[in-house]
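Working notes for the structure below.
Values in this text are rule-based calculations from the coordinates and carry no lab data. Since we're looking at a predicted model, the values are computed, not measured.
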Amino acid sequence: MAARKPGAAPLPDESEERLLVEAARQDPAKFGDLYELHFERIYAFIARRVHDRETVEDLTAEVFHRALANLGSFEWRGAPFAAWLIRIAANAVADQSKRAAREVQTSDDAVEPSASPDMEAIEDCARLFRLVNELPQDQRRVIYQRFVEQRSIREVAQQLGRSEGAVKQLQLRALQNLRSQMEGAHA
């Protein structure tokens, strides 16, 4: 997965976004601006449907590869560019689900994308990813190791050279920070 800056910028208005799309059509190297702008939203959309981090990362990369490859065929139809990316993401998740179902020979484990994406939930996930990136370094490391890498308190404590009590306290403070900021965004 390509590196990115923490905390993507808010969505631009349609005219600004049109300029970014046109610039990327002229020079594919400028697609990076669209990637930075939409990465968290697309990652959050996929993460809500696929619960394996590695698969989420692979599918997110695939979405942006498909978008870059098909940028010439993108047409403005009154919907934002993000809607086109989400449609690509929904198709990628569906394709992955079909591959997984063929491999396992059961549809019980397959991931089905919802018919209409819950944009508010996607925005909440993207906001949460940005807020985690803004946490103090120790809190961010604890949250990442506990919830992304799914390590135990003991493992995190050993990794960070801290006591288990200190790790629990860092986790508690981080979760309180995130909760208050997420609630503040909805107020």
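What the Cα atoms of the range 135-187 give is an Rg and a Dmax of 11.6, 39 Å. A simple rule links phi to the HN-Hα coupling: the Karplus curve 6.51 cos²θ - 1.76 cosθ + 1.60 with θ = phi - 60°, which for the range 28-39 gives x, 5, 7, 5, x, 5, 5, 4, 4, 5, 10, 3 Hz, with x for Gly and Pro.
For the range 173-178, 3J(HN,Hα) computed residue by residue from phi via the Karplus equation (6.51, -1.76, 1.60; θ = phi - 60°) reads 4, 4, 5, 5, 4, 5 Hz, glycine and proline entered as x.
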